[in-house]
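Scroll down for the structure; my scribbles are underneath it.
The values are calculated or read from the model by the stated rules, or taken from the named source; none is laboratory data. Note that this is a predicted model, so its numbers are computed, not measured. Note that we place each Cβ from the backbone using ideal geometry, even for glycine, and neighbour counts take in every protein chain shown. Please note that ligands, DNA and RNA were not included when accessible areas were found on the heavy atoms of the full protein model with its side chains. Shrake-Rupley method; radii C 1.70, N 1.55, O 1.52, S 1.80 Å.
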Amino acid sequence: MKRIIVFVLALFLAMPVMSYAGSVSSRFDLTVGGAANFNFGYFSRTAANDGAIVHGTWGRESRPNATDIQAENGMFRFSPAESTINLLGKGPDVWGAKTSGFVQVDFRGTNTGNAFGAAQIQYAAIRLNWPNAELLVGKFFAQTLDLYSRAFITAGDHTSTSGIGGIRPEQVAFRYNWNKNFNTMIGIIQMTNQEGATGANISYGRTGWPGFQAEIAFQSEACGKIGPDMLKFGLGAVYGKEKKIGNTAAAASASEVTETLDAWVVGLRGLIPIIPEKKGDKTNAMFLSGISYIGQNSWPWLGTPAPGAGSYWRTAQDGNLSLIHI
């Protein structure tokens with residue numbers, strides 16, 4: 001009887017594989033990776049944080065007529081939350097393109113409603129690569145209006161979302177390489193953080209519009225390379241809508257005021273190898289990376305502090321709401 005049960009279970013597991021194996025000629029390769037991380041330290045003051053040792057919020061000093069508990073008490077802090085698990089899968093060829101998928105989770109939990117210990121997605125993207133083009137679908141590095149050097153570990157990399165400022169927006173991006181120097185990108189992008197508890201009701205999310213993104217880019221090995229990076233410049237833009245909803249008064253009978261606004265950012269980013277690597281050796285190599293931008297009513301595209309968090313209401317003397325564009 002046990003042998004029959006085992007055989008039936010094995011058959012059920014094999015059926016999807018057999019049914020799919022006949023439709024493709026490639027096979028799946030899966031690479032599993034990650035890091036086990038453990039932080040330990042002592043705070044001279046009690047610190048409320050999300051589990052990462054280096055991001056504490058300090059209490060104010062005690063005063064003669066008021067004692068601050070945080071200022072008077074220290075604490076030890078332990079955190080394995082920045083441990084990560086990576087999954088890289090290489091899939092079958094589709095429409096002449098090589099396919100792959102990448103997923104990374106950590107355990108900070110800041111986007112799950114859990115302050116510590118819950119798994120949260122940092123990356124989850126599917127890529128289709130042709131000889132001269134790439135289609136990216138998912139949560140991955142921003143494809144425009146972000147520093148090229150974001151591909152390196154940078155300060156603030158712990159933040160999972162916050163528009164492009166979180167490095168990893170949800171997006172669909174198609175990039176075509178016209179030749180080895182010039183390429184263009186078009187696509188759509190989530191203009192706001194909708195993963196948090198209140199994210200679904202943010203003014204950019206309620207419009208029913210995705211953000212549209214595009215970029216014209218140039219790259220050259222004239223100044224050498226550092227890893228995969230070379231001299232790069234990209235002129236990019238993101239455009240979408242913001243729908244503001246407000247009341248003329250605090251009373252329940254107040255009338256509702258709504259307005260839909262244009263939200264956009266235009267920026268030029270670049271990366272210049274100052275001291276390129278030599279024969280694959282990156283010792284003492286150095287590059288300069290930066291971005292210049294202008295925008296209106298934008299979500300914090302470019303990190304913290306944000307250049308703008310959208311428009312806001314200001315109450316006029318007649319009791320109505322006037323909309324301020326920033």
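List of remarks:
- Hits in the stretch 116-152 - residues which are acidic (Asp, Glu) and within 17 Å of the chain's Cα centre (by Cα): 146
- Strands (runs of 3 or more DSSP E) enclosed by the stretch 139-249 - at least 2 residues per element that are modelled with pLDDT under 85: 231-247
- The stretch 275-285, residues that are open to solvent by less than 90 Å² (accessible area, probe 1.4 Å) and either at pLDDT 90 or above or touching a strand residue (DSSP E or B) at 6+ places or on another chain (Cβ under 7 Å) (or both): 275, 276, 277, 285
- Residue that is modelled with the highest pLDDT, among those in the stretch 28-73 that are of a type in the set (Asp, Glu) and open to solvent by 40 Å² or more (accessible area, probe 1.4 Å): 29
- Scan of the stretch 76-123 for residues that are of a type in the set (A, V, I, L, M), modelled with pLDDT of 75 or more and either within 22 Å of residue 43 (Cα to Cα) or outside any loop (DSSP other than H, G, I, E, B) (or both), ordered by number: 81, 85, 87, 88, 94, 97, 103, 105, 121
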